[in-house]
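Peer 1: Quick one: the structure is below, and I'll ask about it shortly.
The values are calculated or read from the model by the stated rules, or taken from the named source; none is laboratory data. Keep in mind the model is a prediction, meaning the values are calculated, not measured. All Cβ positions, glycine included, derive from the backbone under ideal geometry; neighbour counts span all protein chains shown. Quick note on the areas: whole protein, heavy atoms, side chains included, nothing else; ligands and nucleic acids left out. Shrake-Rupley method; radii C 1.70, N 1.55, O 1.52, S 1.80 Å.
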Amino acid sequence: MKKQVVALLAAISMTVIVALVMVVTGANALYNSNGVTPSNTQAASSSVSSTSAADQALIKQLQDRITEYAQREQQYLQREQQLQQTIQNDNSQVAEASLQIQQIQQLLQAMQARGLIQVDGNGTITITGRGN
């Protein structure tokens with residue numbers, strides 16, 4: 001029975017020590033002037049609202065700048081599309097001109113093979129008029 005009494009006294013003393021530490025910690029937190037004020041107090045909400053107006057102005061300014069950049073990006077994308085279309089048109093014209101050049105070269109070669117024309121080294125074309 002003596003062991004049970006010693007164990008009971010040890011448990012009670014440990015409980016009292018833990019309770020005392022909790023009370024001291026709570027009192028320290030309650031009376032500490034160097035701590036941070038909770039966000040739900042009146043002082044904190046008034047300081048938040050005063051800085052909030054400046055923050056709101058900055059946020060508005062940044063949002064306006066983002067909108068401006070988005071509009072500028074849209075303009076650049078439209079310009080890029082126009083330039084891509086122009087490049088496609090130019091490429092198709094180049095391909096058409098290349099095809100015409102090939103057709104003209106084939107015609108000149110056929111006429112030269114039949115003896116209708118003679119092409120000099122410098123590119124001068126002479127019409128001979130005699131065919132095979």
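Peer 1: With respect to A97, is the statement that it is assigned to a helix (DSSP H, G or I), hydrophobic (A, V, I, L, M, F, W, C) and modelled with pLDDT under 95 true? Quick ask: steps written out before the conclusion?
Peer 2: Working: assigned to a helix (DSSP H, G or I): yes; hydrophobic (A, V, I, L, M, F, W, C): yes; modelled with pLDDT under 95: no.
When the stated conditions are applied, A97 does not pass them.
Peer 1: Which condition breaks for S52 when tested against (1) open to solvent by less than 90 Å² (accessible area, probe 1.4 Å); (2) modelled with pLDDT of 95 or more; (3) of a type in the set (S, T, Y)?
Peer 2: For S52, the exception is condition (2).
Peer 1: Sort out which residues of region 97-132 are exposed (fewer than 11 other Cβ atoms within 10 Å of the Cβ) and among the β-branched types (V, I, T), and write them in order of number.
Peer 2: Selection gives I101, I104, T124, T126, I127.
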